[in-house]
Every structure is written in C-alpha cells, then in structure tokens.
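The values are calculated or read from the model by the stated rules, or taken from the named source; none is laboratory data. Here the structure is a predicted model, which is why all the values come from computation and not from measurement. All Cβ positions, even for glycine, are placed from backbone atoms using ideal geometry, and neighbour counts span all protein chains on display. Surface accessibility is based on the protein's heavy atoms, side chains included, excluding ligands, DNA and RNA. Shrake-Rupley method; radii C 1.70, N 1.55, O 1.52, S 1.80 Å.
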Amino acid sequence: MELSFLQILWFILIIVLWIGYVTLEGFGFGTGMLLKILPRNEKERRLQLNTIGPHWDGNEVFLLTAGGATFAAFPEWYATMFSGMYLALVLVLVLLIVRISAIEWRGKIDSDKWRAAWDTLHTGSAWLVALVWGVAFGNLVQGMAIQVGNYEVAGDPASFVAADPSQVDAALQAGAQHFLTGGFFSLFTPFTIVAGLVVVSLFLTHGALWLALKTTGDFSARAKDFAKKTSLVSTGLTAVWALWAFFAYSTTWFALIPLALAAIGLLVSTFVTLKGNEKAGFFANMAAVAFAVVFIFMTTVPYALKSSIDENYSLTLVQASATSATQTVMTIAAVVFVPIVAVYTVWSYISFSRRLSVESMSDDPAGLHPTKVRRFEHV
C-alpha cells in the first residue's frame, strides 16, 4: 500500500518536532557538557547555566510532543520502539531527570560541595544522554534485530516463534506483531557507537558556539576558541559517519539531498567559526543539525523501523499508522496549537537574546546556608 497524504504529513511533523528538540536542546546539552571545562570559577559557572536558564524546560516540550505524536499517529511504531528499546529509553529518562534536578537544585544550598556534586551529575548526564541519543539515531538508520512473530510464553524470550519472512502479511493478519528480539546489547554496533560519538561532538560544538554567542568578554572568547577546535572534529566525524550511513544503509536516493545540505551547513559553520564569527557559525551549525535529522529519517523511508535480520520483517509506515480518522483529528489540533508553540518559542528566544557577562553575576552566593537546612527525623 502507498502512503496516504495524512501519513506523509504526520511523518513530516514528527521529523519537525525532532528537529526542534535536537537543534534547541542540543546546545543545552552542549552547555552542560562544558560545565566542567570552560568556567574557571563559580560566577562563570552560574553565567554558563544562566544562558540556558530561560530555555531548557521549553525545549523539552518538543521531545514530549514528538513522543506523543508518534504514539497517536503511528502507534505500532511507538509500541515496537519503546518495548524493544525499553532499557535505553529508561536510561535516557533517568539521565534527563538527573540533569533537570542538577539545574534546579544546585543553587538551593550555599555549599561548594553541594554545587560541585550537582555540576558533576549535570555534566555526566549531558555527555551520556548525547551518546545514547546518537546510538538510538544510529539504530534507526542501520536497522534493528526486529522480527515478526509471537511469544508462546509471555516474558520468555526463548519462546518466541518467528514468522516466515515470505509470509509476513499473512502472519500480521493472524495476530503476529513486530518485536525487537535482539535485546539491549544488540543496539550497540560499531556503526551506532560512531553515531553516538557524532552526536556528542555536534552537541559539544553547538554548546560552545551558543556560549560564545550568549556571553561577553574573556568567557565568550574562550568558548569561541573551544568551538574552533571542536567544529573541525565534529565536521570530520560527521562526514565519515554520514557517508557510511548513506552508502551502507539508506533505502532511498533522495536522502542524499538533506545529507548534502547538512554537509554544506557544517562546512560553512566551520569556516565562519574559524574566522571568528560565532553568530553565523551557530546558526549554520543549527541548520546542519536540522538537515542531519532529516537525513536520518529519510534513510528509513518507507519504513518506520528497519529490520537488520530480514527486510520483510521491517515495520512500514503504513503498517505502523493509526486510522485516517485519528490522524484527521490530530491534524486539526496541530493546525491550532503548533503555530502557538512556534510563536511562543521564537518570542522567548527574542526576549532573552541579550548577551550575559560575568560582571552581571551577583557576588552573593545563592541558597540556604548549610547550617540552616532543616533535618527531618523519623518519628
């Protein structure tokens, strides 16, 4: 069956939501990754955190909406991915919770040890979540150990009975389902690990350029110098992985278009960053990341999830799709609310667009003095 207009529309909308999350939260993660690298004192650490303070929680909305849209528009895609990648997704959730707690709680108590502990957790979670997202994207491109069949005994992996690859349609009509049968460690291959390193390097560069753009003085200069170094690494590493992805795993020739645009964006970003133009470098890098997301999803078409075992086991977008009525109702809601979210997001960045300086940071430490923290005892 061919894809309908609504199925294509919602596939595009899901890509747009992921673009919003990765491009905006990418520099947020990058900022966290640099929290133990760039700042030289507490005021600089607070300055660095203040650059993402007005934005990080709004950026998370794109992730939640992308997950919700996938659940409603392509429920089989959501079910197969979230059940098969359950441990990886729980890991992402835990890391995001740790990061959020670190941002919100570091200033609650006036203690160097308290702040240092949360900064360490913030930095570690930012590095790890970037790596995990990269591995996840790599699995979308490469395909996973997906099979069609049934478990004869619930919860017993050994009881899985796979359908004949040539009889997948008949098996699905008889009640079989798509399952990721390879387990958690099947998600890690040389290709997906390199994908994780690509995302780490891109986020690191994105964060450094953001800090150079949002701050002034010596701190901005240091962030700019750091971006000059990382941009070369991220561009080279991304080029190797992207060519590997296209020639080894792409199912469509038109994935070459976003790949070429992403390459242009990275080259422009690297060139202007080396010339000292952090603003142009940041937006060129953002465009490159956006086109890279498009490239990742375009390599899967017409599948939602590709099988690395047998192409016939792959979950197509048509198979994964919700009913036309469901997608119609969702489209009406999207037409109303998506522009509102877009306008609000743009407004928030414009409102907080001014650069921040170390001098603007207060000399007075924030939070309660450790001796004033009430200790609750079990009665």
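Take the residues of the stretch 37-64 that are surrounded by fewer than 21 Cβ atoms within 10 Å (Cβ to Cβ) and of a type in the set (V, I, T): which is nearest to R115 (Cα to Cα)?
Going through the qualifying residues, I end up with I37.
Testing V153 on (1) among the β-branched types (V, I, T); (2) assigned to a loop (DSSP other than H, G, I, E, B); (3) under 20 Å from G53 (Cβ atoms), one condition comes back false. Which one is that?
Among (1) among the β-branched types (V, I, T); (2) assigned to a loop (DSSP other than H, G, I, E, B); (3) under 20 Å from G53 (Cβ atoms), the lone unmet condition for V153 is (3).
Mind checking which residues of the stretch 118-149 are among the polar types (S, T, N, Q) and closer than 21 Å to K306 by Cβ?
N139, Q142, Q147
In this structure, does V129 turn out to be within 30 Å of L49 (Cα to Cα), aliphatic (A, V, I, L, M) and open to solvent by less than 20 Å² (accessible area, probe 1.4 Å)?
yes
For the stretch 203-255, give me the residue count where each residue is buried (at least 22 other Cβ atoms within 10 Å of the Cβ) and of a type in the set (V, I, T).
Residues in the stretch 203-255 being buried (at least 22 other Cβ atoms within 10 Å of the Cβ) and of a type in the set (V, I, T): 5 in total.
For the stretch 317-332, state whether one or more residues are surrounded by 13 or more Cβ atoms within 10 Å (Cβ to Cβ) and over 18 Å from L9 (Cβ atoms).
no
Taking only pairs six or more apart or across chains, which ones have beta-carbon atoms under 9 Å, a first residue in the stretch 318-346 that is in contact (Cβ under 8 Å) with a residue 40 or more places away in the chain and within 16 Å of P75 (Cβ to Cβ), and a second residue that is among the β-branched types (V, I, T) and loosely packed, with under 13 Cβ neighbours inside 10 Å?
That search, which allows pairs on different chains as well, returns nothing.
Looking at the stretch 13-40, which of its residues are under 11 Å from the mean Cα position of the chain (by Cα) and of a type in the set (D, E, K, R)?
Once the filter is applied, which keeps residues that are under 11 Å from the mean Cα position of the chain (by Cα) and of a type in the set (D, E, K, R), the stretch 13-40 yields only E25.
Within the stretch 25-42, is there a residue that is within 20 Å of F219 (Cα to Cα) and among the aromatic types (F, W, Y)?
yes
Name every residue in the stretch 329-379 that is over 29 Å from S111 (Cα atoms), small (G, A, S) and either assigned to a helix (DSSP H, G or I) or at pLDDT 90 or above (or both), in order of residue number.
A333, A334, A342, S348, S351
Report those helices (runs of 4 or more DSSP H) wholly inside the stretch 253-320 carrying at least 1 residues which are charged (D, E, K, R).
Qualifying helices (runs of 4 or more DSSP H): 278-298.
Answer yes or no as to whether A158 is more than 30 Å from S360 (Cβ to Cβ), open to solvent by 20 Å² or more (accessible area, probe 1.4 Å) and out of contact with any Gly (no Cβ under 7 Å at 6 or more places or on another chain).
Yes, satisfied.
If you take the residues in the stretch 84-115 that are among the hydrophobic types (A, V, I, L, M, F, W, C) and loosely packed, with under 14 Cβ neighbours inside 10 Å, which one is nearest to I52 (Cα to Cα)?
Per the stated criteria, the residue is I97.
Among the residues of the stretch 345-370, which ones are in contact with a His (Cβ under 8 Å, 6 or more places away or on another chain) and under 17 Å from L211 (Cα atoms)?
Within the stretch 345-370, Y349, F352 meet the criteria.
Which residues, counting only those in the stretch 1-51, are part of a helix (DSSP H, G or I), out of contact with any His (no Cβ under 9 Å at 6 or more places or on another chain) and of a type in the set (G, A, S)?
Scanning the stretch 1-51 gives a single hit, G20.
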